[in-house]
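Coordinate-derived values only; no laboratory data. None of the values given here were measured: they were computed from a predicted structure. Cβ atoms come from the backbone with ideal geometry, glycine included; neighbour counts cover every protein chain shown.
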Amino acid sequence: MEAITERPSLHDQQIARDSLALVGEALNRKRSEEVSIQLQPGIAAQGFASVVIPTKALHLLAVILSSMAQGKAVSLIPSDSEISTQQAADLLGVSRPHLVKLLEKGTIPFKKVGSHRRVLPEDLLIYKERQEQIRHEQLQFLAEQAQDLNLGYE
C-alpha cells in the first residue's frame, strides 16, 4: 500500500488546488485514451520533459490532488491486493480490535493466511459506503422528526 501518511502542508494544499484546476481543464478538453503532460524536473532545469500517460491516470491524479487540496492524507491500494487488519482499520478510521470484531461477526468478509486475517480493499469500501448510507438515512429521519415536532430547526 502506497501512502502519504502526513497531512499536506498549507503550501502543498495551495499547489494541489492550483494544479487541480489545470488537470480539470485538461480532462474536459481531452477525449482520447492518453494524454501528454509536461514535467519540469527542477526549478533550475531549463527544459521540459513530455510524458504520455493514460487518461485514467490523469483522472486518478485529479482525485489525489482534490484530496490533498482538502488537507487529506492519501493512500493508494491496488484493488486486487489483500491488506492486513491494521491497514484495514486505518482505512476505515477505526481501531484494529473493532475491525476484528466486525470481521468475526461476518460484517466484512476476510480470509485467513496462517493465523493472519486479510481483507480486500473493495470489501472495506462496500462496508464504508453502506455505513455512510445508514448514517445518512438516520440523520434524515432525525431531521424529519425534528420538523414534525416543531423543535425550532429551520
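General remarks:
- Hits in region 52-96 (condition: assigned to a loop (DSSP other than H, G, I, E, B) and over 25 Å from HIS11 (Cβ atoms)): ILE77, PRO78, SER79, ASP80, SER81, GLU82, SER84, GLY93, VAL94, SER95
- For ILE108, the stated conditions hold: it is touching a Phe, Trp or Tyr at 6+ places or on another chain (Cβ under 7 Å) and more than 30 Å from SER19 (Cβ to Cβ).
- Some residue of region 89-112 being in contact (Cβ under 8 Å) with a residue 24 or more places away in the chain and within 20 Å of VAL74 (Cα to Cα): yes
- Looking only at region 79-88, and only at residues there that are in contact with a helix residue (DSSP H, G or I) (Cβ under 8 Å, 6 or more places away or on another chain) and touching a residue at least 24 places away in the same chain (Cβ under 8 Å), the one that is surrounded by the fewest Cβ atoms within 10 Å (Cβ to Cβ): SER79
- Scanning region 99-140 for residues that are assigned to a loop (DSSP other than H, G, I, E, B) and touching a Ser or Thr at 6+ places or on another chain (Cβ under 9 Å), we see that the one that is surrounded by the most Cβ atoms within 10 Å (Cβ to Cβ) is PHE110.
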